1. Return the sequence-ordered ³J(HN,Hα) values of the range 245-250 in whole Hz as given by the Karplus equation 6.51 cos²θ - 1.76 cosθ + 1.60 applied to θ = phi - 60°, using x for Gly and Pro.
2. Picking from Thr608, Cys591, Leu570, whose Cα lies most toward the positive end of the charge dipole for the range 510-618 (charges on Cβ: Lys, Arg +1; Asp, Glu -1)?
3. Sort 157-166, 738-747 by the packing proxy (mean of other Cβ within 10 Å over each peptide's residues), most packed first.
4. List the relative contact order of the range 491-691 as a percent without decimals, with contacts defined as Cα pairs under 8 Å and 6+ residues apart.
5. Provide the packing ranking of 499-509, 646-656, 140-150, 564-574, i.e. peptides ordered by the mean count of other C-beta atoms within 10 Å per residue, highest first.
6. Given the peptides 601-613, 664-676, 374-386, arrange them by the average over their residues of other C-beta atoms within 10 Å, most packed first.
7. Which whole number of Å³ per residue matches the convex hull of the alpha-carbon atoms in the range 491-691?
8. Looking only at Cα atoms, what is the convex hull volume of the range 10-133 per residue, in Å³?
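Quick note: the coordinates plus some simple rules give every number you see, no bench work behind them. Just so it is clear, the structure is predicted and the values come from calculations on it, not from any experiment. FYI the Cβ positions are ideal-geometry reconstructions off the backbone, even for glycines, and counts take in every protein chain you see.
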Amino acid sequence: MTGVCGCCGALRPRYKRLVDNIFPEDPEDGLVKANMEKLTFYALSAPEKLDRIGAYLSERLSRDVARHRYGYVCIAMEALDQLLMACHCQSINLFVESFLKMVRKLLEADKPNLQILGTNSFVKFANIEEDTASYHRSYDFFVSRFSEMCHSSYEDPDIRTKIRMAGINGLQGVVRKTVNDDLQSNIWDPQHMDKIVPSLLFNLQSGEGTESRSPSPLQASEKEKESPAELTERCFRELLGRAAYGNIKNAVTPVLMHLDNHSLWEGKTFAVRCFKIIMYSIQSQHSHLVIQQLLGHLDANSKNSATVRAGIVEVLLEAAAIASSGSVGPTVLEVFNTLLRQLRLSVDYELTGSYDASGNIGIKIIKTHEERQLQEAVIRTIGSFANTLPTYQRSEVMLFIMGKIPVPGVHPALTNAGSGGCEGIRMIQIMLLKSLVQVTTGFQTTNMLTALPNSFLEPLLSFSLMEDPEVRLLVLTILLSVIDRHDNTPKFSSISIISDISVLKLKVDKCSRQDNLFMKKHAQQLYRHIYLACKEQSSGPQHFETLYTLLALISMELANEEVVVDLIRLALALQELAQTNEESLSVYNRCAVHALSAAYLNLICQLTTVPTFCQHIHEVIEMRQKEVPFLLPEDVFIENPKLPASLEKLEGDVLFQQSKITEVLGGSGYNTDRLATPYIPQFTDEDRLSKRKSIGETISLQVEVESRNSPEKEERTPAEEITFETLKNAIVDSVGMEEQERERRRQVVEKFQKAPFEEIAAHCGARATLLQSKLNQIFEITIRPPPSPSGTISSGYGQTQSRSVPVYEMKFPDLCVY
């Protein structure tokens, strides 16, 4: 009977007859649409038969593939697609299993057309939202196969492109199907991401010349969709856009590994493009996670070549600019600590010529110019991160960087002999000060007390007394950035005598209460350092121009009447400094100080708007133009200044007269007593300590201590010579004392931890008894009552002894009572 039923078409199951009817005799005719409609209606009417329909179609397709009847294969897949789109019942899961089995069969085939056909069917399936979840479905094979197709090396370039695009579409379909399905294996697991992400990057790299134009993944024309690179970019964006907080690391790690394995950091372009896509695609609140991974990767590659590290830093720079305020995240100082550590390592590598602290050079050759490029890139990146921070956090970063700068003699623990000695410390100082310049650029604050606290200002100004001209110039630049709140600095880029400052369109605000407090606290400190900076032999045109800008900014940002008076006194003191030449300055430096004083007095007289003051300044300037033009900025701060061989002591109308200025300003209500007093800077220990010719030299100070035993005699004790050896011995002695104290404390703690309770109690009791007896003796000496009116008592030895009588029993004379 069974054989008869198999041969008789009328006795076959209805679903098989309906399936057979959709296949024409000639596969070129395509699917029989009328019969396909009947099959679809039957599947909708009897959903329990859907799994059998799928199994039978799968059987036919496998047979047709084996017999190379590819026309019928296409018809079978078209039928499956239509059934899949039409049916959404609970029995769909069993049908899907048959469908995926057929897709797998096609993907395993050698024919590119069958692979593309299977991929297209899978993509259609991936776009279907299923009503019921599947507990046992696995997509591991599809991830592996589609990733393999993305790397296709088929001989025909057109077919190769189609296979690769099919692979990309397939991966996109897998992601869509599984990313939001909690019942599926997690697509974000490293085992899957390590296949998906490199496959996408491989295809993205082929279109490296095409820049990412927009953060939106949807703005692409139909023609551009034909490009594997554009298709890959859209797929990559979609993948990253679906990444939750906990999945960012798994998505970014394969990117880092791919760039490492293919040496793509050195070119920078592709790496930057990849991370632009990442930063634009992920949710903005997750940006700091990507930054942290990049920083960690930078640390992991700290002994790699400078070009690799520079590439990572460039990517960090671009990523920080895109992420804006979300780039740093909760660990603000850790970001800057990592970058500063890389900066210091680069300096070490440049000086030692080795990536190994032991000095084993190995096969890598360190190139100085590459390390310099890396250092500049790190400094720019520090500035980029700082620009994303609010003011209060930027102030913290400024303090943090300042704490990292080695200050010999002030913070000896920060000096590192392993960094190439003196030159290493100097380079680190310069690099960190350059970083501070980047951080303070564009810094805006309303309160100078918080922007320049003591903990920041004092070490900063100590660097302005270093003999290294580059260090001093960086310090002045940092001060300009912090003080300038109205972008006036570019208007004073060069020193000149400006006849009418209104053309500069300066922005001047009234000095606030906080600014007044700041100047009361720090004004004399600023003036002293400006004065001392002008005495430096190594100062050049840039130094004087920056000092002029600093004086101008103080006049506009922080000036009240008292500050104006002090600044005028300072300018006159600078003129006197150049005139007397007690510091044996060169002719150029003396002329430059004269020119600086003239330019500033010309500016301040117009800011005060006192006509008689302006008249005196302009008269002196006109006289200089006629007789001594080399005392004006236009003749000094040029490429080849024409200076006299020597500068004799000047007199007369070519000098600004303090008495005349006091007279004309006194008439306008300024403090004449203060104006008439010449400015004399107060030299402090800080000034002497900060005056260091080199870090490694012996510091020898002659300290004279006046004898205070006899104020009438002008005798002085012999000068005590303090050398490096005495300082070293003092440090060693203090270290020994600390060791003894630490050992004593350890013994006490150990005794209380290990001794029996009775011994500890007896020890404490003895101490308490001793203390009480001492207290009784003290009380007896200090609180002895006065002699009592009740008289005295005799001791057993014939001596009289005062008897202690309570106050309320004492009898006082009447005159003492009221």
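1. For the range 245-250, the Karplus curve yields 4, x, 9, 4, 4, 5 Hz.
2. Thr608
3. Ranking, from highest mean packing down: 157-166, 738-747.
4. Numbers: 214 pairs, mean separation 53.0, N = 201.
Averaging sequence separation for qualifying contacts and normalising by length gives 26 percent for the range 491-691.
5. Put in order of decreasing packing, that is 564-574, 140-150, 646-656, 499-509.
6. Values: 601-613: 19.0, 664-676: 15.3, 374-386: 23.2.
So the order, starting with the most tightly packed, is 374-386, 601-613, 664-676.
7. Cα-based convex hull of the range 491-691, divided per residue, equals 125 Å³.
8. In the range 10-133, the Cα hull volume divided by residue count equals 100 Å³.
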